[in-house]
Amino acid sequence: MDKSRSEAPPSFAAVSPRNWPLQVSLSILAAIALLCLLGPLVSGHSYDQVYRDYVLVRPSLSAHPDAAEVDSAIASIARRIRVQITASGEGETMRMILHAEKPIDPRTLRTFERSDLFLPARIAATGDEGRELAIDVPLQRTVFLFGTDANGRDLFTRVLIAGRISLAVGLLASFVALTIGVTYGAIAGYAGGRVDALMMRAVEIVYALPFIFFVIVLVMVFGRHFVLIFAAIGAVEWLDMARIVRGQTLSIKQRDFVAAAEALGATPGAILWRHVIPNTSGPIIAYLTVLVPRVILLESFVSFLGLGVQEPLTSWGVLVADGARNIQGSIHLLIFPALFLGVTLAALQTLGDGFQRARGAGGR
Amino acid sequence: MLRFFLTRVATAIPTLFVIIALSFFLMRLAPGGPFDSARTLDPSIAENLRHIYKLDRPLLEQFFYYLRSLADGDLGPSLHWRDFTVNELFATALPISVTLGAKAMLTAILAGTALGLFGAMSKGWMGQRLIDGASIVGIAVPVFVVAPLLQLGFGLALHVLPVGGWDDGAWQNQVLPVATLALPQIAIIARLMQAALNDTLGKPHMRTLRAFGMPAYHIYIHALRAALPPVVSYLGLAAANVLTGSVIVETIFGIPGMGRYFVYGALGRDYTLVMGTVIVVAAAVLLFNLIVDLVLAWLDPRVRYEAGL
């Protein structure tokens with residue numbers, strides 16, 4: 001009994017208090033995943049909301065608008081509705097005196113609403129036959145933790161939404177690769193003989209090629225749809241998985257319990273599904289930790305070239321590409337997405353290393 | 001050695017054929033053609049265009065036609081740059097990409113070996129952690145982040161190197177692209193090298209050398225030779241990675257090489273150009289793997305033996 005269970009996932013034993021790099025990277029990953037999942041709900045911005053008055057704002061903890069922004073916004077509104085404005089008051093609500101040659105149409109006050117800096121204005125007093133208006137204008141406080149991009153969208157929300165996409169693609173594409181690889185490898189290993197040799201020869205042939213080119217060709221041919229991206233990535237990244245599973249299957253099918261199942265008349269499909277594949281789960285999980293960062297990197301690579309995720313949706317690759325274009329002057333556009341991508345990749349990498357090391361010899 | 005070489009060539013040729021067939025039929029499956037633009041063409045003109053480019057023939061006939069012209073070394077006309085053939089575009093682009101790739105590989109091999117050697121020689125905690133850290137950074141910071149950062153640092157802040165362009169291959173224009181391409185490979189090679197050296201240094205024959213009182217450099221030269229095979233066998237993958245990276249690097253630095261044509265071609269649905277790139281890249285990777293296999297056989301007698309020589 002114990003013998004047949006020796007292939008149970010050994011990887012989780014590695015998560016012991018003594019293995020601190022593994023612990024740290026697991027916590028970082030959990031934090032990033034949680035942030036990406038919940039952050040956009042509480043950031044107060046939508047990922048595609050455009051603030052025309054806040055283009056390429058620098059990252060800061062304090063709320064906008066500041067005094068200078070208010071002054072320039074008031075000046076521009078005064079020009080637009082052709083009045084003279086004297087503003088006073090600190091804090092959340094500003095008292096403004098509007099003065100003009102002709103009576104002021106109260107409807108022009110909508111200009112304040114349309115600005116991203118103010119909430120709707122209230123008329124406090126009217127004087128001089130409508131040529132003078134005293135109004136209270138509450139300030140609209142907004143925080144752009146990571147600043148905004150060239151279109152005036154909140155970078156914090158966009159980075160987190162991008163994280164959702166990148167992580168989702170990473171997991172889904174890995175799942176596609178897993179499905180293809182496990183099926184292919186298990187069949188090859190179980191069939192053995194000439195079928196095995198032929199199937200593995202095919203893997204070897206494709207193995208030497210630069211996959212990116214094929215992902216790009218696939219994306220180019222079938223369109224730049226979100227689902228197709230991870231299908232395409234999954235379709236090229238299953239080779240290692242197939243090799244690992246095939247190797248495991250070769251040894252597992254020698255075991256007594258497989259012979260017993262065969263003797264009881266189980267079909268090959270049932271044997272693979274019930275007895276062989278569950279016993280390969282240890283190495284599969286260990287390899288997944290290597291595969292997921294590779295897939296995330298591949299997706300961001302394709303997206304960077306403009307062939308992946310399309311606007312207004314975004315992924316870390318798209319954001320980094322955006323940052324690289326605006327590098328002169330607005331470095332925050334590059335730094336934040338690059339930081340998130342880099343930390344995630346490093347954490348996954350450390351995780352994979354830890355699992356591989358805990359398993360003893362390497363995965364291949 | 002000859003038989004070994006011939007078997008490897010014999011497996012490479014069908015591989016190349018599969019790739020050509022795969023990419024050809026994939027392209028033809030694609031919805032939308034190269035002549036779809038916002039302005040609809042006059043039907044007769046469209047018909048003529050399709051006729052000229054032989055797009056109106058049966059698929060298999062198109063494939064054989066393509067194979068025949070490939071055999072003549074002709075990759076066909078570019079569908080996007082209509083005044084050029086793919087061959088003409090590649091005639092200027094290929095040397096540029098080869099220069100970049102070769103320099104990056106050379107840098108990666110030399111620097112990676114040196115770093116790995118350093119890591120193995122400095123026995124303690126520092127060397128190990130340094131290599132580990134460097135390799136994680138090298139893997140976690142993708143090429144398309146490194147490139148803009150280098151542009152910012154050396155180009156915009158320090159003003160010592162140009163941020164982009166090729167300028168007929170002036171050395172200043174080559175430094176940053178080559179560095180960007182080489183950095184991740186340096187990290188990986190250093191790590192592999194260090195692991196292989198540590199492995200070798202613990203072997204009995206190394207202990208014997210040390211027991212005989214051989215000088216340190218003598219021991220390391222012996223260890224290096226024994227540690228080379230795993231590093232050399234990685235080089236095939238490294239070449240593929242450098243080729244992949246060059247797509248990004250050429251796009252970011254504005255270098256008129258193969259990678260940039262590939263991206264333009266993919267964005268503009270230029271079938272012949274993209275297929276041409278895929279074929280050239282695949283051929284390059286296969287060729288490089290062949291060389292790697294030969295070097296491995298030369299380094300390690302066991303490989304030759306297993307190959308039946």
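Could you please let me know if B:Ala190 is in contact with a Gly (Cβ under 8 Å, 6 or more places away or on another chain), part of a helix (DSSP H, G or I) and under 30 Å from B:Val303 (Cα atoms)? I'd like the intermediate steps shown before the answer.
Numbers: in contact with a Gly (Cβ under 8 Å, 6 or more places away or on another chain): yes; part of a helix (DSSP H, G or I): yes; under 30 Å from B:Val303 (Cα atoms): yes.
So B:Ala190 fits the description; yes.
Evaluate the stretch A:73-94: report whether one residue or more is among the acidic types (Asp, Glu), on the phi < 0 side of the Ramachandran plot and surrounded by 12 or more Cβ atoms within 10 Å (Cβ to Cβ). If you could, list the steps in order and put the result at the bottom.
First, pick out the residues of the stretch A:73-94 that are among the acidic types (Asp, Glu): A:90, A:92.
Checking the rest, the ones that are also on the phi < 0 side of the Ramachandran plot come to A:90, A:92.
With the extra rule that they be surrounded by 12 or more Cβ atoms within 10 Å (Cβ to Cβ), the set shrinks to none.
No, that holds for no residue.
Being buried (at least 24 other Cβ atoms within 10 Å of the Cβ) and at the interface with another protein chain (Cβ under 9 Å from one of its Cβ atoms) is the filter here, so list the residues in the stretch B:249-264 that pass it.
Listed by number, the residues that qualify are B:Ile252, B:Phe262.
Among the residues of the stretch A:146-178, write down those that are surrounded by fewer than 23 Cβ atoms within 10 Å (Cβ to Cβ), of a type in the set (Gly, Ala, Ser) and within 9 Å of the chain's Cα centre (by Cα).
Hit for the stretch A:146-178 is A:Ala168, nothing else.
Which of the following residues is outside any helix (DSSP H, G or I) and touching a residue at least 12 places away in the same chain (Cβ under 8 Å): B:Arg304, B:Arg260, B:Arg269?
On the way: B:Arg304 fails: outside any helix (DSSP H, G or I); B:Arg260 fails: outside any helix (DSSP H, G or I).
Residue meeting the stated conditions: B:Arg269.
Of the residues that make up the stretch A:234-241, is at least one within 14 Å of another protein chain (Cβ to nearest Cβ), over 29 Å from A:Glu204 (Cβ atoms), among the β-branched types (Val, Ile, Thr) and out of contact with any His (no Cβ under 6 Å at 6 or more places or on another chain)? Spell out the reasoning first.
Filtering the stretch A:234-241 for residues within 14 Å of another protein chain (Cβ to nearest Cβ) gives A:235-237, A:239-240.
Filter once more, keeping what is over 29 Å from A:Glu204 (Cβ atoms): none.
No; the residues of the stretch A:234-241 include none that is within 14 Å of another protein chain (Cβ to nearest Cβ), over 29 Å from A:Glu204 (Cβ atoms), among the β-branched types (Val, Ile, Thr) and out of contact with any His (no Cβ under 6 Å at 6 or more places or on another chain).
Every residue in the stretch B:82-133 that is more than 21 Å from B:Leu201 (Cβ to Cβ) and either more than 22 Å from the chain's Cα centre (by Cα) or among the basic types (Lys, Arg) (or both), please.
B:Arg82, B:Asp83, B:Phe84, B:Thr85, B:Lys103, B:Gly133
So, B:Leu115, is that one surrounded by 15 or more Cβ atoms within 10 Å (Cβ to Cβ) and either aromatic (Phe, Trp, Tyr) or within 14 Å of chain A (Cβ to nearest Cβ) (or both) or not?
no
Pairs please, first residue from the stretch A:321-346 and more than 7 Å from chain B (Cβ to nearest Cβ), second anywhere and among the β-branched types (Val, Ile, Thr), Cβ atoms under 6 Å, 6+ apart in sequence or on different chains.
Partner pairs satisfying both residue conditions: A:Phe336/A:Val159; A:Pro337/A:Val159; A:Pro337/A:Val320; A:Phe340/A:Val159; A:Thr344/A:Ile32.
Suppose we filter the stretch A:199-225 for residues that are closer than 20 Å to B:Met27 by Cα and either part of a helix (DSSP H, G or I) or basic (Lys, Arg) (or both); how many remain?
Residues in the stretch A:199-225 being closer than 20 Å to B:Met27 by Cα and either part of a helix (DSSP H, G or I) or basic (Lys, Arg) (or both): 14 in total.
One residue is enough: does the stretch B:126-135 have a residue meeting the conditions closer than 25 Å to B:Val231 by Cβ, assigned to a helix (DSSP H, G or I) and of a type in the set (Asp, Glu)? Show your work before the answer.
Kept after step one, since they are closer than 25 Å to B:Val231 by Cβ, are these residues of the stretch B:126-135: B:126-135.
Imposing the further condition that a residue be assigned to a helix (DSSP H, G or I) reduces the set to B:126-135.
After this cut, where a residue has to be of a type in the set (Asp, Glu) as well, the list is B:132.
Yes, the stretch B:126-135 contains a residue that is closer than 25 Å to B:Val231 by Cβ, assigned to a helix (DSSP H, G or I) and of a type in the set (Asp, Glu).
Given the criterion part of a helix (DSSP H, G or I) and touching a residue at least 12 places away in the same chain (Cβ under 8 Å), identify the matching residue among B:Ala93, B:Ala102.
On the way: B:Ala102 fails: touching a residue at least 12 places away in the same chain (Cβ under 8 Å).
Matching residue, one of B:Ala93, B:Ala102: B:Ala93.
Among the residues of the stretch B:24-42, which ones are at pLDDT below 80 and either assigned to a helix (DSSP H, G or I) or within 14 Å of chain A (Cβ to nearest Cβ) (or both)?
If the condition is that a residue be at pLDDT below 80 and either assigned to a helix (DSSP H, G or I) or within 14 Å of chain A (Cβ to nearest Cβ) (or both), then B:Leu26, B:Met27, B:Arg28, B:Leu29, B:Ala30, B:Pro31, B:Gly32, B:Gly33, B:Pro34, B:Asp36 are the ones that fit.
Sort through A:Leu333, A:Leu348, A:Leu307 and tell me the only one that's within 23 Å of A:Phe211 (Cα to Cα), of a type in the set (A, V, I, L, M) and buried (at least 24 other Cβ atoms within 10 Å of the Cβ). Working first, answer last.
Numbers: A:Leu333 fails: within 23 Å of A:Phe211 (Cα to Cα); A:Leu307 fails: buried (at least 24 other Cβ atoms within 10 Å of the Cβ).
Sole residue among the options that is within 23 Å of A:Phe211 (Cα to Cα), of a type in the set (A, V, I, L, M) and buried (at least 24 other Cβ atoms within 10 Å of the Cβ): A:Leu348.
Would you mind finding the one in A:Ala67, A:Ala73 that is under 36 Å from the mean Cα position of the chain (by Cα) and at pLDDT below 80? Show your work before the answer.
Values: A:Ala73 fails: at pLDDT below 80.
One residue alone meets the criteria, A:Ala67.
The values are calculated or read from the model by the stated rules, or taken from the named source; none is laboratory data. Fair warning: this is a prediction, and the values are worked out from it, not measured in the lab. Don't worry about glycine lacking a Cβ; one is built from the backbone with ideal geometry, like all the others, and counts go over all protein chains shown.
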